[in-house]
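A.B. asks: Dropping the structure in here first, questions after.
The values are calculated or read from the model by the stated rules, or taken from the named source; none is laboratory data. Keep in mind that what you see is a predicted model, and the values were worked out from it rather than measured. Here the Cβ positions follow ideal geometry from the backbone for every residue, glycine too, while neighbour counts run over all protein chains shown.
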Amino acid sequence: MRCKERCAIAGRGSAKITDVGPTLYLTCGLPGSGKTTRALQIEAATGAIRLNADEWICDLYPNDAEAAARDQRRDHVERVQWQLVERLLGSGVSVVLDWGLWTREERAGYRQRGEALGALVQIEFSDAPLEELQRRVADRNEDLAPGAFHISADEMKEFAALFERPTADEL
């Protein structure tokens with residue numbers, strides 16, 4: 001039974017809100033926008049499993065500090081994490097996908113995939129002006145936490161140029 005069908009059923013009879021199935025939370029935003037902070041809040045509040053590709057890359061490949069090496073690893077790590085998402089959602093467990101999802105196409109694709117697995121899908125958009133993002137990332141660069149990478153001001157400008165803000169329809 002698909003998510004929309006279960007949601008309709010949940011409104012009738014003695015069904016409880018928990019009958020609607022798991023939720024897939026998709027974080028969306030640039031580095032420094034507060035995605036991981038929000039993902040941690042959702043994880044704490046809901047018991048959802050949080051998956052962050054950067055953290056896995058740091059753990060699995062601790063010597064790959066260069067951006068090119070990280071980017072090469074990201075596709076593989078995200079593919080493996082998505083396999084885990086499929087199993088978790090299929091088992092009724094909610095998931096926070098803490099990836100960033102910069103393009104509408106990516107967000108639409110993961111929304112579709114999550115809904116096909118019977119999950120409710122919610123986009124969590126974190127935003128701040130570019131100058132604020134650059135300040136936050138510069139501060140973070142001074143004392144990088146595990147799972148965080150150094151990002152230059154030039155990289156932030158490149159990232160901002162690639163980022164597609166979510167539309168009201170997406171949210």
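A.B. asks: Based on this model, can you work out whether L84 counts as assigned to a loop (DSSP other than H, G, I, E, B), within 22 Å of L40 (Cα to Cα) and without any contact (Cβ under 8 Å) to a residue 60 or more places away in the chain?
C.D. replies: No, not satisfied.
A.B. asks: Is it true that C7 is surrounded by fewer than 20 Cβ atoms within 10 Å (Cβ to Cβ), modelled with pLDDT under 50, hydrophobic (A, V, I, L, M, F, W, C) and in contact with a helix residue (DSSP H, G or I) (Cβ under 6 Å, 6 or more places away or on another chain)?
C.D. replies: Yes, satisfied.
A.B. asks: Take the conditions within 30 Å of R165 (Cβ to Cβ), modelled with pLDDT under 95 and of a type outside the set (A, V, I, L, M, F, W, C) and apply them to R2. Does it pass?
C.D. replies: yes
A.B. asks: Is it true that I57 is touching a strand residue (DSSP E or B) at 6+ places or on another chain (Cβ under 9 Å), of a type in the set (A, V, I, L, M), buried (at least 16 other Cβ atoms within 10 Å of the Cβ) and assigned to a helix (DSSP H, G or I)?
C.D. replies: In short, no.
A.B. asks: Among the residues of the range 105-147, count how many are part of a loop (DSSP other than H, G, I, E, B), at negative phi and surrounded by 17 or more Cβ atoms within 10 Å (Cβ to Cβ).
C.D. replies: Count: 3.
A.B. asks: Of the conditions (1) part of a helix (DSSP H, G or I); (2) in contact with a strand residue (DSSP E or B) (Cβ under 9 Å, 6 or more places away or on another chain), W102 clears all except one; give me its number.
C.D. replies: Of (1) part of a helix (DSSP H, G or I); (2) in contact with a strand residue (DSSP E or B) (Cβ under 9 Å, 6 or more places away or on another chain), only one is false for W102: (1).
A.B. asks: Look through the range 15-28, keep the residues that are part of a loop (DSSP other than H, G, I, E, B) and within 14 Å of Q122 (Cα to Cα), and return whichever of them is modelled with the highest pLDDT.
C.D. replies: P22
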